[in-house]
1. Give just the number: which of (1) at pLDDT below 65; (2) surrounded by fewer than 23 Cβ atoms within 10 Å (Cβ to Cβ) does H146 not satisfy?
2. Could you look through region 182-213, keep only residues that are under 20 Å from the mean Cα position of the chain (by Cα) and either assigned to a loop (DSSP other than H, G, I, E, B) or at positive phi (or both), and pick out the one that is surrounded by the most Cβ atoms within 10 Å (Cβ to Cβ)?
3. Sort out for me the strands (runs of 3 or more DSSP E) sitting completely within region 258-334 that have 3 or more residues that are more than 26 Å from T235 (Cβ to Cβ).
4. Among what's in region 252-279 and is closer than 15 Å to T206 by Cα and among the aliphatic types (A, V, I, L, M), pick the residue that is modelled with the lowest pLDDT.
5. Given the conditions (1) at pLDDT below 90; (2) closer than 29 Å to K99 by Cβ, report the number of the one that N34 does not fulfil.
6. Against the condition touching a strand residue (DSSP E or B) at 6+ places or on another chain (Cβ under 6 Å), farther than 25 Å from G337 by Cβ, modelled with pLDDT of 90 or more and surrounded by 12 or more Cβ atoms within 10 Å (Cβ to Cβ), how does S23 come out, does it pass?
7. Are any residues in region 179-205 under 20 Å from Q155 (Cα atoms), among the hydroxyl-bearing types (S, T, Y) and at pLDDT 95 or above, and if so, which ones?
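The values are calculated or read from the model by the stated rules, or taken from the named source; none is laboratory data. Given the structure is predicted, the values throughout are model-derived calculations rather than measurements. Note that we place each Cβ from the backbone using ideal geometry, even for glycine, and neighbour counts take in every protein chain shown.
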Amino acid sequence: MLYLGTSFADATLYGNIDQTYNSTKTTTAGVVTNQKTGISAYQMGQSYLGVRGAEELGDGIKASYLYEFGLATETTAAPTNRQSYVGLSGGFGALRIGKQYSQAFNNTVAVDPGGATGGRGALYLYTMVSYDGATNAVGEVTAGEHPLRQDRGFQYDLPNFMPGLKLGITKVFGNANSANNGAKVGDGTGFNASYSAGGLYAGFTTDSAKGQGILKDATPTIFPAPATATNKLTTLALSYDLGMAKPSYQSTKVSVSTATWKTDMFALTVPLGAATVFISTSTGKLDLEGTAGDRKLKGMQYGVNYGLSKRTVAYWHAGNDTQTFSTGTTSKTTGFGIGVHHSF
């Protein structure tokens, strides 16, 4: 028998269950265009279940594996593949092959006090949901998970040259048929560097991918990219834990040709006993080469997490984001969620 959260036969089951009552409302040009209330599992990272393990191979080399699938615990929807990879590590560093979180996402979420929640106001999440290189009937690039998670790739962590410093390389294969045009749609390369010491964290990533578009909004609507275009994403993240408070900053920028999507976030986290209070403010700008989709954005997110135990957290998160289009139209979305998150 496998016990949850307990190692047995070199395998450990882990996961979390998150259930939230949430409400969102969108108002465009003074008219309510969308309003929803209900139960979801996305307020603190979605519900999921995974298995992971490792095996000592000798000579300081270790093999590892992980398989994790998302659970739509509020519906009967089928599980989804969140991560699935195998790896080797040793004096040469660490190599993981398969589907896994991108280093760009890992870097940005490291300083986000909201933890990439389902609440509104964290504008960088727009740039973290991009495209897998597939196209629809009219030739637009369709939405996928890249660069939030990356399929068909590997991540290599270099050996530690000094305490606290981490360097890595990512290579992603799009699996597109490049026999005719050599475009290799979806192929990408990335580099990451971070330093952590005391209360300081500083991280930087850069990624490029062929034929990937830019997300225009959460519908999603996509600004398509030619198969030969290069999508470039950079992220910068900084935080410093002062004990009584933790200020942080992050910046993301994604571009295709002259089209760009840029966001900046400033945040503050304050521990108050069993509770942690946070607030973040974001600004963003989407420039789609002078099209009607051009816009400026402002966002705010705030909330409190209350630790009922080491594994269970009750929380309330809320936020809003405002989009002002080049046409002068303004659209504002507000939302909140209250729920319980249990990890094991």
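1. (2)
2. So, considering only residues that are under 20 Å from the mean Cα position of the chain (by Cα) and either assigned to a loop (DSSP other than H, G, I, E, B) or at positive phi (or both), the one surrounded by the most Cβ atoms within 10 Å (Cβ to Cβ) is Q212.
3. Values: elements: 259-272, 275-287, 295-307, 312-325.
Output list reads 295-307, 312-325.
4. Within region 252-279, the match that is modelled with the lowest pLDDT is V256.
5. The failed condition is (2).
6. no
7. If the condition is that a residue be under 20 Å from Q155 (Cα atoms), among the hydroxyl-bearing types (S, T, Y) and at pLDDT 95 or above, then S194, Y195, S196, T205 are the ones that fit.
Yes/no per residue for (1) surrounded by fewer than 19 Cβ atoms within 10 Å (Cβ to Cβ); (2) touching a Gly at 6+ places or on another chain (Cβ under 9 Å); (3) on the phi < 0 side of the Ramachandran plot; (4) modelled with pLDDT under 85:
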| residue | (1), (2), (3), (4) |
| --- | --- |
| A94 | yes, yes, yes, no |
| G98 | no, yes, no, no |
| N106 | yes, yes, yes, no |
| T117 | no, yes, yes, yes |
| E140 | yes, yes, yes, yes |
| Q155 | no, yes, yes, no |
